[in-house]
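The values are calculated or read from the model by the stated rules, or taken from the named source; none is laboratory data. This structure is a prediction, so every number in the text was calculated from the model and none was measured. Because the Cβ atoms are built from the backbone with ideal geometry, glycine has one as well, and the counts that use them run over all protein chains shown. Protein only, heavy atoms only, side chains kept; ligands, DNA and RNA dropped before computing areas. Shrake-Rupley method; radii C 1.70, N 1.55, O 1.52, S 1.80 Å.
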Amino acid sequence: MIDTPTSPITSGLPLFFVITVTAIKQGYEDWLRHNSDNEVNGAPVYVVRSGGLVKTRSKNIRVGDIVRIAKDEIFPADLVLLSSDRLDGSCHITTASLDGETNLKTHVAVPETAVLQTVASLDTLIAVIECQQPEADLYRFMGRMIITQQMEEIVRPLGPESLLLRGARLKNTKEIFGVAIYTGMETKMALNYKSKSQKRSAVEKSMNTFLIIYLIILISEAIISTILKYTWQAEEKWDEPWYNQKTEHQRNSSKILRFISDFLAFLVLYNFIIPISLYVTVEMQKFLGSFFIGWDLDLYHEESDQKAQVNTSDLNEELGQVEYVFTDKTGTLTENEMQFRECSINGIKYQEINGRLVSEGPTPDSPEGSLSYLNSLSHLNNLSHLTTSSFRTSPENETELIKEHDLFFKAVSLCHTVQISNVQTDGIGDGPWQSNFAPSQLEYYASSPDEKALVEAAARIGIVFIGNSEETMEIKILGKLERYKLLHILEFDSDRRRMSVIVQSPSGEKLLFAKGAESSILPKCIGGEIEKTRIHVDEFALKGLRTLCMAYKQLTSKEYEEIDRRLFEARTALQQREEKLADVFQFIEKDLMLLGATAVEDRLQDRVRETIEALRMAGIKVWVLTGDKHETAVSVSLSCGHFHRTMNILELINQKSDSECAEQLRQLARRIKEDHVIQHGLVVDGTSLSLALREHEKLFMEVCRNCSAVLCCRMAPLQKAKVIRLIKISPEKPITLAVGDGANDVSMIQEAHVGIGIMGKEGRQAARNSDYAIARFKFLSKLLFVHGHFYYIRIATLVQYFFYKNVCFITPQFLYQFYCLFSQQTLYDSVYLTLYNICFTSLPILIYSLLEQHIDPHVLQSKPTLYRDISKNRQLSIKTFLYWTILGFSHAFIFFFGSYFLIGKDMSLLGNGQMALETHFWTWINHLVTWGSIIFYFIFSLFYGGILWPFLGSQNMYFVFIQLLSSGSAWFAIILMVVMCLFLDIVKKIFDQQIHPTNTEKAQLTETNSGIKCLDSMCCFSEGETACASVGRMLERVVGRCSPTRVSRSWSASDPFYTNDRSILTLSTMDSSTC
């Protein structure tokens, strides 16, 4: 049996305390996630059962259930559309939360089920659906429906157009019925989720490394002590002294067993060098510290009444280590709203100002270039409405100019696939546009947000799209209704990059209207102001606006008959249908007359450009990963500052094969090497990315690392996660952060080291699955530069300090063995061993790790480059760790031998003194716990040693402490040893800050505002101070003698970023005259 040098309670109590607190903290966070899951799984839905609608929870839906979904509701499972409130069985949905696209998509039911619009009729339906096994591809679905009608089986094919995906939202349709085919984790949305793994911060990994080093130190000390014990006992007089005779059993026991027994006894004696309480302190610091994010009013969004949320507190310090930011585009960088800004008609540029078109340049016959106004298209019916200030045109040009404007806005109103919800149409467009006009009365649902913005702009000008019925499109011009027969729609595709409609006007003319990117429209035009429009389009693009060109062509009867015949043949072809259609579209869309161009702004969120620029200054690389189209993504990247105008944009898009992709990558790598001075930006699409990641990962990563910014478009959700995974496992192993707002971003949020959810318009899937949730992208700067910086500095100091104070505490125990013949006698009373980490030294470091501000929050935000000082886990490097360890050993030697030669006492004074030295930001709480812990130590020792406690078997410390402190020499020795230990560290800090100061230390010494000479420690100094005063001031700042009550601070409105900092971290205001 091993004779333990300390009691089991002494060793076991701290461990029990650590495990209990950790379990409570983890259980609380799991409970929060459980509540969040219940909110989704418990959402009410209606299913058809026994001829009626039954209300149930979404988690109870089973395959084969017929579900009713109402307008604006989210689909709870993957459904095959059976019927809608429309006769043709169609409905419109938006998949913004799945693929980031805000455009409206049309889905249709098979004819046999489309007529079943009531619950009773659906209850009689007998059908079987056969489909493929669940797969993650959002755009692929194959199946068939076998319907039994009058003893006859009818087989209908099912494709993506019949599938309603979980997470999508029903729009512009009163209600639909669908049958569930994939539910729960088999839905496409769930298959695109990455299984959530436990995330561990870089600090945790460093802690584990340090722990292994200290474990080696512990084992080494135990082995050394055991060997030295037997070396000492080799002499007979020390092996069995007269006062400690061995028993017969001890004399006959195996030497190996005795060696092992002694080794284990020394392990128990020295085990306090392992800071078990470190883990519980870190858990408490993370848990309590996370509340500061939610309390920060600068992260509160008033419009949506949303504050920042912390879903996991384990990664607080990781916010200070981010090297790559991966962000979604739609809803994250943008507001998800399009606004019409400018247009070019017949070579003249117009801006929309208060519902009127204002000409920017000189109109024909007005060389002075005065502003001309187009109040509405009132001239279309009555030319007398045009005043001299409206159009200064010669009579011969007036008719032509009016015709151009007429055709331009008719093209805008007719060339689209917009759906309309009729709320009120009477009176729309009956006069000059007013502020409460058409858009508030009509609700448009567009196949793209650009189309919606353009149709709404045309309505404001005076040509209002009323809607379509069967094959007719209706527009109202100043109250006059015109019906156009819709003959053909030439759908948009990514190869042509344009769409067209062929319509028949009320007068019988057949017109082709085309709309598309300038690169696809301008080469097809043979007339119109082509060069002027091209210049205007470039000017629009430089402003970050999304541009489209409009053109038309008048078709003769013979031309139309040829077009109609060719389209019919291509659309009914059984083989090579897509190729034949493409050829016919090329034949139709040629010899066009250019009408002009439009410019629409996808409005960015507030301060996105400044935030991205700040991230770049902080040394963080920003990648944009989006499911949107290439042109749209590039346009937004330019407008938000992700791509600069001077940046050389490289493209890896539309790659068809591995060899082609590899060659293109090699070309890009060569171009980067040749133009190494210029900044490069890379654009890559999903298809090319798949090829690049298949066999050319290293080459692709080399190109990416040499680019300042990377944009990935047309990305599937799992591809986003793969890209982040690729960066995570690269040789540098950088810390990654992902930001997104939709369900399509969940995979990358879970894959990244830190996941940020934006609480936007695309549901709450991203926010629920994220580590942190914020309302706007701009809040990311304060989250990283202030909270991340503080959290990292605090916990890095906490970890180092814990190892330091345990070395200080236990090393004298090791040295003491040299003076007690390695008899395993303990230097400390068991009560002090237990309470040293739990009571005497725990609160000062805990409060420090919650409240410390080594530099002002405003300075951190206004100088993003300070973020570089803490990157790559620099505060927990081996060099810093060794410094703290050597410091601990040196202090332990000073105190042990100082006590031995002068007087003997404990380490608590030194531990809390070192903590006081590290503190820059003193509050009343810091004072209370730092000096209070020291006072508590003395009070406890007086009570513990001054009273005979009946429940204690032995009381070795009785009256020792009182007797010791009654001596003046003991007080002198304690003060002398504390000063000696701390003085060495003070001198080192002074020389480091003078000779090799970091940017943060320079910022601490720099005046933070014009006319204010205040340091981060809040010590003030005057301009004409002497050198001695400077040293004295530095000593004051290093030892942290200044109190926030001595001075207060204010900040001018010129401060960058957050001028009205209402954070809980912010101090009170300060008058500059105080300094």
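Assorted remarks:
- Full extension of the chain between L257 and D606 yields a length gain of 118.4 nm, computed as 0.36 nm times the residue separation minus the alpha carbon distance.
- Global geometry of the stretch 45-192, whether rounded, prolate or oblate, following the gyration tensor of its Cα atoms and the 1.5 cut on a/c: rounded
- Cβ-Cβ FRET estimate between I975 and T880, R0 fixed at 41 Å, reported to 0.05: 0.90
- List L833, L53, ordered by accessible area with a 1.4 Å probe, largest first: L53, L833
- Whole-number accessible area per residue in Å² for the stretch 45-192, which is evaluated in the context of all protein chains at 1.4 Å: 45
- With the whole protein complex present, H854 retains an accessible surface near 10 Å², based on a 1.4 Å probe.
- At the residue level, R258 shows approximately 60 square angstrom of accessible surface with a 1.4 angstrom probe and all protein chains present.
- For the stretch 45-192, with all protein chains in place and a probe radius of 1.4 Å, 52% of the accessible heavy-atom surface sits on carbon or sulfur.
- Accessible-area value, C707, 1.4 Å probe, nucleic acids and ligands omitted, Å²: 0
- For the stretch 443-563, the solvent-accessible area works out to 42 Å² per residue, with a probe of 1.4 Å and every protein chain left in place.
- Projected label distance in nm at D305 and D493, using a 7 Å step from Cα toward the beta-carbon: 5.0
- The count of lysine pairs in the stretch 45-192 whose Cα atoms are under 24 Å apart, excluding pairs fewer than 8 places apart on the same chain, comes to 15.
- Applying 1/(1 + (r/R0)^6) with R0 = 51 Å to the Cβ-Cβ distance of F587 and N35 gives a FRET efficiency near 0.25.
- Built amide H within the under 5 Å cut-off of S83, gap 5+: F177
- Residues in the stretch 154-177 reached by a label modelled at V128 [backbone nitrogen below 20 Å; 7 Å Cα→Cβ]: 154-159
- With a simple spin-label model that places each label point 7 Å from the Cα along the Cα-to-Cβ direction, the separation between Q26 and F938 comes to 4.2 nm.
- Simple rule: put +1 on each Lys or Arg Cβ and -1 on each Asp or Glu Cβ in the stretch 45-192, find the dipole, and look at Q117, T173, N60; the Cα lying farthest toward the positive end is N60.
- Per residue, the convex hull spanned by the Cα atoms of the stretch 617-668 measures out at 116 cubic angstrom.
- Net length gained if the chain between E337 and K673 were fully extended (0.36 nm per residue, minus Cα distance): 117.0 nm
- FRET efficiency for E73 and K872, using Cβ-Cβ distance with R0 set to 30 Å, rounded to 0.05: 0.05
- Within the stretch 45-192: Cβ-based charge dipole about Cα centre, in debye rounded to nearest 20 (Lys, Arg +1; Asp, Glu -1): 500
- Hits among lysines - C-alpha to C-alpha of K733 under 18 Å, sequence gap 8 or more where chains match: K199, K205, K621, K698, K720, K722, K872
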